[in-house]
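Where a number appears in this text, it was derived from the coordinates with a stated rule and is not lab data. None of the values given here were measured: they were computed from a predicted structure. Cβ coordinates were reconstructed from backbone atoms using ideal geometry, including for glycine residues, and neighbour counts include every protein chain displayed.
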Amino acid sequence: MEKIVLKAKNREELDNMVKRSLTLGEDEEFRITVLKEPKKILFFNVNGEYEIEIVKKGEKRENPKVKPAENRTGSGKNEVKSENRKNEFRNSGNNHKENRKNDGKNPKENVKQGRKNWNGQNTENKEKHQKNERLNNENTRVQKEENKKVEVEAENSDDPNFGRIRSFMKEFIVNSKLSLKIVNISKEGERYVVNVDGKDIRYLIGEKGSALNAIEYLLTSVKTLKNIKVVIDSNNYKDKREEALRDLARKKGKKVLDSGRNVKLNPMSARERKIIHEEISFIKGLKTESVGEEPKRYLVIKRIKD
């Protein structure tokens, strides 16, 4: 029997792949076993995995092998019990002989053995103590972080926008079925920064922050958050992204100055375009121009004609 593993977004795509890749004989058919279900997370599709098995028509699936001990008759079980009793009797006799040998040992050897046992127990106790100490330190660290969160929330308890933002983000995380958590919410000037972290943070950020920008754009249309500027961040991703954009602007600007040709950049959010605009303004002889409409609005870096 031949087996292959295919990846597909859904069953329809899988069937098309099977038809294209398999050639079956008249007496053959294929069976599909789902190894991993496909998922859709926000804007991303995670392919499922399927095992395709080619078998003869009418052939039954193999049943899992049953352990021989489970199929034995009552008499067989009695034989096993009898054998176990014999083994127990032999072991008890051997243990008794071993104990008598140990009793006849030289007292010095017994003292050495006692020291070994004491040292072993002492080492084990040290390891347990170190483990408990590490756990206590970890618990203390977690508690300090929780206390900091409480302090931040207490300071901002008079601002109702914190509660609205937290409520919306909690609902969003639950509905998205992503493994995420809100680290904290802070206010920087006129904007509110929501720090999020978790195992699935890469899905929230997306390629070059595309998913993050899309979510922030959607937040502007939420009724309860109207006229509130909300920024979502994770592990200072926005600062790192800003530095990368400024570096990109400098490189592309140099290219325009050297070649004299305009350079078109990929579509960006308003915030990212502003960063490029600002960085190019520091370079003499260059300017930027925004082209297109949201969400595909992009920048063109041009050389200023003398």
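Among rounded, prolate and oblate, which fits the range 195-290 when a ≥ b ≥ c are the square roots of the eigenvalues of its C-alpha gyration tensor, a/c under 1.5 means rounded, and a/b larger than b/c means prolate? Intermediate results must be reported in sequence, preceding the final value.
Details: a/c = 2.72, a/b = 1.92, b/c = 1.42.
It comes out prolate by the Cα gyration axes.
For the range 210-306, state which chymotrypsin sites (Phe, Trp or Tyr not before Pro) are in a DSSP loop and have at most 16 other beta carbons lying within 10 Å of their beta carbon.
F282
Can you give the FRET efficiency to the nearest 0.05 for K240 and L135, using r as the Cβ-Cβ distance and R₀ = 41 Å?
That pair, K240 with L135, gives E of 0.80.
With label points built 7 Å along Cα→Cβ from the Cα atoms of E171 and K264, find their separation and express it in nm.
For E171 paired with K264, the spin-label model returns 4.1 nm.
Under the rule a/c < 1.5 gives rounded, and otherwise a/b versus b/c splits prolate from oblate, where does the range 174-251 land using the Cα gyration tensor?
Numbers: a/c = 1.66, a/b = 1.24, b/c = 1.34.
Taking the square roots of the gyration eigenvalues as a ≥ b ≥ c, the range 174-251 is oblate.
Using only alpha carbon pairs under 8 Å that are at least six residues apart, calculate the relative contact order of the range 208-284 and give it in whole percent.
Relative CO of the range 208-284 lands at 29 percent.
From the square roots a ≥ b ≥ c of the eigenvalues of the alpha-carbon gyration tensor of the range 153-217, which class results: rounded (a/c under 1.5), prolate (a/b over b/c), or oblate?
Cα axes put the range 153-217 in the prolate bin.
Let me know the charge dipole size of the range 185-306 about its Cα centre in debye, to the nearest 20, where only the beta-carbon of Lys, Arg (+1) and Asp, Glu (-1) is charged.
My answer is approximately 520 debye.
How far apart, in nanometres, would the label points at E13 and S281 be if each is projected 7 angstrom from Cα along the Cα-to-Cβ direction?
In this crude label model, E13 to S281 measures out at 4.4 nm.
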